[in-house]
Amino acid sequence: IFLLASGSAALNHLQEAVFDAQMERTKNRPIPSGRISKKNVFAIVLILAIAGSVLLFVSSGFIGVLLGLLALLWYNGIYTPLKRKTSFAIIPGSVIGAIPPVVGWVTGGGNVFDPQALLIAFFFFIWQIPHFWLLLLAFGKDYEDAGYPTLKKYFNENQLARITYVWICVTGITGLLMPLFSIIDVSFASIGILILVIALIVRSTILLKDNVDKLSLRKVFIEINLFVIALILFISIEKIILL
């Protein structure tokens, strides 16, 4: 999964090199900065994609490879071009992040349509939306200068910040469903997740204020990502304890 995702990310850098060069946040990436040629990047993409597909087939079988290649196709063939067309591209684009957990579930012997797998996939789907919109709030001018359509066409920054807060709350509430779906069984893990969700929702209330500064936006961005990492760790540690 990691190799295939890396290949997909490298291909994305290749696809968006011209636009990355126009944005302050991305102008120092390897291709825009001239540290690597497009030809070499394409070779890396092929190596990573082939190696990732082979390893997925060995570990997960045909279903795993199919899901992995679907994620690559969706990201590079649909989401990346769609970002140039609509400011709502993140909604269908979030499907990409929902696929890898399902691949892992299948590799572990589960079924694609197990309720637990679908909930984990839904959690990652939901999380990506506020994740991206926080980036948009912090670096919106960069996106606009590079010609990307943004939600600022429809909402001002205060409105978008409040909409993002709602999605953060939905992300947290989705995390609370993990014990109900028996993804987590041990009580201390469930309590830990509850504390994490409350902390995330409370600390993110800064988005409800007018004219949130860039530093605060970046802090919320870091915190929602740390929340996801912590939740994954709780799930993983709980499973190790029960072995």
Reported set for segment 7-43 where residues are crowded, with 18+ Cβ neighbours inside 10 Å and either outside the structural domain of N76 (by TED's automatic domain parsing) or more than 22 Å from the chain's Cα centre (by Cα) (or both) is I31, P32
Residue that is farthest from the chain's Cα centre (by Cα) [pool: residues in segment 96-129 that are of a type outside the set (A, V, I, L, M) and assigned to a loop (DSSP other than H, G, I, E, B)]: G109
Kindly check whether there is at least one residue in segment 40-48 that is of a type in the set (S, T, N, Q) and modelled with pLDDT under 95. no
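Look at segment 205-215 and say how many of its residues are assigned to a helix (DSSP H, G or I) and either buried (at least 17 other Cβ atoms within 10 Å of the Cβ) or modelled with pLDDT of 95 or more (or both).
4
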Scan segment 143-163 for residues that are surrounded by 15 or more Cβ atoms within 10 Å (Cβ to Cβ) and either hydroxyl-bearing (S, T, Y) or in contact with a His (Cβ under 6 Å, 6 or more places away or on another chain) (or both) and jot them down. Y143, Y148, T150
Scan segment 164-182 residue by residue and report those that are closer than 25 Å to D210 by Cβ, crowded, with 17+ Cβ neighbours inside 10 Å and over 16 Å from the mean Cα position of the chain (by Cα). Y165
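Which one of A43, A9 is closer than 23 Å to L137 by Cα, assigned to a helix (DSSP H, G or I) and free of Cβ contacts under 8 Å to residues at least 12 places away in the same chain?
A9
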Scan segment 44-63 residue by residue and report those that are under 27 Å from P30 (Cα atoms) and among the polar types (S, T, N, Q). S53
Suppose the filter is surrounded by 12 or more Cβ atoms within 10 Å (Cβ to Cβ), at pLDDT 95 or above, of a type in the set (A, V, I, L, M, F, W, C) and within 21 Å of G104 (Cα to Cα); does F227 pass it? yes
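The values are calculated or read from the model by the stated rules, or taken from the named source; none is laboratory data. If you're wondering where the values come from, they're calculated on a predicted model, not measured in any experiment. Cβ atoms come from the backbone with ideal geometry, glycine included; neighbour counts cover every protein chain shown.
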